[in-house]
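A quick write-up on the structure given underneath.
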Amino acid sequence: MFRKIIGGACVVAAVLAGATNTARAEADVLWYGQAAFKITAASGTVVLIDPFISKNPKTPDALKDITKIGKVDMILLTHGHGDHVGDTVAIAKQTGAKVLINADMGRTFATLGWLDMKQMIRFNKSGPVKVGDVTVTMTHAEHSSEVSHKDESGKETMHPGGEPAGYIIKLADGQTFYHAGDTGVFTDMAFIASYYNPDVAMLPIGGHFTMDPAHAAYAVKHLLKTKTVVPMHYGTFPPLKGTPEEFKSALGDFDTNVVVMQPGESRKF
Ligand code: NI
């Protein structure tokens, strides 16, 4: 009974906060800045996505110490760029989390000696994998994905990162998140909407390397039509000029709930 009351209170709080209008709003979502999120499901399962944290200029200092990150069940990597791979290896070693990664980038991680094959779930698009009570599906993304490695002398070499991806993350209660990764607009976003019906979409809006606010607004209005959108991948570095205000302006009166988070902030969805 106590548990029921607490759960109900969370739903009411989330609805009042305007985060969502569904009845299963209990996942906690923390944004570190850029594309790095931690989703803590109501069941307690923790999903970390693109954990660029300790060197992320937007992550509050209080969160930069990754030794204090706590339990992590899985880390999802969208592609090989440094502002997404971030602290993946260190957090995986520290927590024992499974690393979900495209098959080719996983092989690169293994050959570079970064991660043991056994700690990775190497997969590819459209083949869902289940980790605990969370189902994860890799989707298309319109981007690139090379892995940079610097040796002890500082010499940089580039390695195959497979294809970039987005992720569909379906929690035990059916709540579904779409983390688009770094991407331009692609018309198969309509397929993602139709097939997975995500409740919440995390979308890049910064431009230059990804969708800018106008492209992201087009994606929402014409392809995804997601009811709740969290803008990401903006403001971290000077070229990522797009702003949530420009995104909202480009959306006009389209009926979607834009949840603008601050780096380090957590919200219930
Ligand atoms: Ni990238």
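The values are calculated or read from the model by the stated rules, or taken from the named source; none is laboratory data. None of these values were measured; they are calculated from a predicted model. Cβ placement follows ideal geometry from the backbone for every residue including glycine, while neighbour counts extend to all protein chains displayed.
Summed over the range 197-217, residues that are assigned to a loop (DSSP other than H, G, I, E, B), at negative phi and within 16 Å of the ligand (Cβ to nearest atom) total 6. Looking at residue 217, is it more than 16 Å from residue 31 (Cα to Cα), over 17 Å from the mean Cα position of the chain (by Cα), buried (at least 19 other Cβ atoms within 10 Å of the Cβ) and among the aliphatic types (A, V, I, L, M)? For residue 217, the condition - more than 16 Å from residue 31 (Cα to Cα), over 17 Å from the mean Cα position of the chain (by Cα), buried (at least 19 other Cβ atoms within 10 Å of the Cβ) and among the aliphatic types (A, V, I, L, M) - is met. Take the conditions (1) within 14 Å of residue 48 (Cα to Cα); (2) out of contact with any Ser or Thr (no Cβ under 7 Å at 6 or more places or on another chain); (3) away from the ligand (no atom under 16 Å from the Cβ); residue 85 misses just one of them, which is (3).
Only one entry of 153, 194, 144 meets the criterion of being within 13 Å of the ligand (Cβ to nearest atom) and either surrounded by fewer than 17 Cβ atoms within 10 Å (Cβ to Cβ) or modelled with pLDDT under 95 (or both), and that entry is 144.
For the range 92-165, which fully contained strands (runs of 3 or more DSSP E) count at least 1 residues that are in contact (Cβ under 8 Å) with a residue 12 or more places away in the chain and under 16 Å from the mean Cα position of the chain (by Cα)?
Correct list: 98-102, 134-140.
A residue that is away from the ligand (no atom under 16 Å from the Cβ) and part of a strand (DSSP E or B) occurs somewhere in the range 62-77. Within the range 78-91, being in a helix (DSSP H, G or I) and free of Cβ contacts under 8 Å to residues at least 60 places away in the same chain holds for 88, 89, 90, 91.
Matching residues to (1) closer than 24 Å to residue 146 by Cα; (2) touching a residue at least 60 places away in the same chain (Cβ under 8 Å); (3) of a type in the set (Asp, Glu):
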residue: 195; (1), (2), (3): no, no, no
residue: 201; (1), (2), (3): no, no, no
residue: 204; (1), (2), (3): yes, yes, no
residue: 211; (1), (2), (3): yes, no, no
residue: 225; (1), (2), (3): no, no, no
residue: 234; (1), (2), (3): yes, no, no
residue: 238; (1), (2), (3): yes, no, no
residue: 243; (1), (2), (3): no, no, no
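Does residue 177 satisfy being in a loop (DSSP other than H, G, I, E, B), closer than 22 Å to residue 247 by Cβ and either within 14 Å of the chain's Cα centre (by Cα) or within 16 Å of the ligand (Cβ to nearest atom) (or both)? Judged against the criteria, residue 177 is not a match. Residues in the range 58-104 that are within 20 Å of residue 41 (Cα to Cα) and acidic (Asp, Glu): 1 in all.
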